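*Asks:* I have a structure here, written as structure tokens, and I will follow up with some questions on it.
The values are calculated or read from the model by the stated rules, or taken from the named source; none is laboratory data. Given the structure is predicted, the values throughout are model-derived calculations rather than measurements. Please note: Cβ atoms are built from the backbone with ideal geometry, for glycine as well, and neighbour counts cover all protein chains shown.
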């Protein structure tokens, strides 16, 4: 029996994200127990949005409910979450899928500044065209920009499927830093 796999989505997404919804049946048919979870406030989770620490806690609570060792997989922002959650004793292996593999004390915003030349003004990141930040520090994506930025090599039906599910992302999550890195 393979180790169970726990899938953690990226920003603006939920458990459906990045084809987790389409990967789950493949893993299950291969005999791999797997779980795709919704971080607080995302997807089907009705809890209020949190910060990086509360999202790490959410993953750790899921890990507490499982028996034995697991593989923890993070996509995009989900990599920041698994970086700290991966210290849980049940985690046997971490897998980063196009994800932020942060150092302790490093944020996604800081990593993006280094990697993509993100420019900050007055302490608030300027994500560029297609990203809108509300006065409540929630970031939303313009569908056409999201299609180009996130799903540029997907077929039109799959892009439409994904765009219909995108939600807002709290800026505070992208500014959070893991206390420790697995």
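*Asks:* Only residues that are surrounded by 14 or more Cβ atoms within 10 Å (Cβ to Cβ) and more than 23 Å from residue 173 (Cα to Cα): list them for region 16-34, please. Working first, answer last.
*Replies:* Quick first cut of region 16-34, residues surrounded by 14 or more Cβ atoms within 10 Å (Cβ to Cβ) only: 16-21, 23-24, 27, 32-34.
Listed by number, the residues that qualify are 21, 23, 24, 27, 32, 33, 34.
*Asks:* Considering only residues that are surrounded by 12 or more Cβ atoms within 10 Å (Cβ to Cβ) and farther than 29 Å from residue 181 by Cβ, look in region 108-139 and name the one that is modelled with the lowest pLDDT.
*Replies:* That would be 130.
*Asks:* Of all residues in region 36-59 being more than 19 Å from residue 83 (Cβ to Cβ) and touching a strand residue (DSSP E or B) at 6+ places or on another chain (Cβ under 9 Å), which is surrounded by the fewest Cβ atoms within 10 Å (Cβ to Cβ)?
*Replies:* 45
*Asks:* Any chance you could count how many residues in region 48-63 are free of Cβ contacts under 8 Å to residues at least 12 places away in the same chain and either part of a loop (DSSP other than H, G, I, E, B) or farther than 18 Å from residue 107 by Cβ (or both)? Reasoning before the result, please.
*Replies:* Step one: list which residues in region 48-63 are free of Cβ contacts under 8 Å to residues at least 12 places away in the same chain, which gives 48, 57, 61.
In the following step, the residues that additionally are either part of a loop (DSSP other than H, G, I, E, B) or farther than 18 Å from residue 107 by Cβ (or both) were identified as 48, 61.
So the answer is 2.
*Asks:* Considering region 75-88 alone, what residues qualify as being under 12 Å from the mean Cα position of the chain (by Cα) and either more than 12 Å from residue 102 (Cα to Cα) or assigned to a loop (DSSP other than H, G, I, E, B) (or both)? Explain how you work it out, then say what you get.
*Replies:* Going residue by residue through region 75-88, those that are under 12 Å from the mean Cα position of the chain (by Cα) are 75-83.
Result: 75, 76, 77.
*Asks:* Quick check: anything in region 2-10 in contact (Cβ under 8 Å) with a residue 12 or more places away in the chain and out of contact with any strand residue (DSSP E or B) (no Cβ under 9 Å at 6 or more places or on another chain)?
*Replies:* We begin by selecting, within region 2-10, every residue in contact (Cβ under 8 Å) with a residue 12 or more places away in the chain; these are 2-10.
The next check asks that each one be out of contact with any strand residue (DSSP E or B) (no Cβ under 9 Å at 6 or more places or on another chain); those that pass are none.
Scanning region 2-10 turns up no residue that is in contact (Cβ under 8 Å) with a residue 12 or more places away in the chain and out of contact with any strand residue (DSSP E or B) (no Cβ under 9 Å at 6 or more places or on another chain).
*Asks:* Is it the case that some residue within region 8-15 is surrounded by fewer than 21 Cβ atoms within 10 Å (Cβ to Cβ), in contact with a helix residue (DSSP H, G or I) (Cβ under 7 Å, 6 or more places away or on another chain) and at pLDDT 95 or above?
*Replies:* No, region 8-15 contains no residue that is surrounded by fewer than 21 Cβ atoms within 10 Å (Cβ to Cβ), in contact with a helix residue (DSSP H, G or I) (Cβ under 7 Å, 6 or more places away or on another chain) and at pLDDT 95 or above.
*Asks:* Here's something else I'd like to know. Looking at the structure I just gave you, is residue 177 assigned to a loop (DSSP other than H, G, I, E, B) and at pLDDT 90 or above?
*Replies:* Working: assigned to a loop (DSSP other than H, G, I, E, B): yes; at pLDDT 90 or above: yes.
Judged against the criteria, residue 177 is a match.
*Asks:* In region 144-165, what residues are exposed (fewer than 12 other Cβ atoms within 10 Å of the Cβ) and either within 15 Å of residue 132 (Cα to Cα) or under 16 Å from the mean Cα position of the chain (by Cα) (or both)?
*Replies:* Just the residues of region 144-165 that are exposed (fewer than 12 other Cβ atoms within 10 Å of the Cβ), to begin with: 144, 152-153, 155-157, 164.
Hit for region 144-165 is 144, nothing else.
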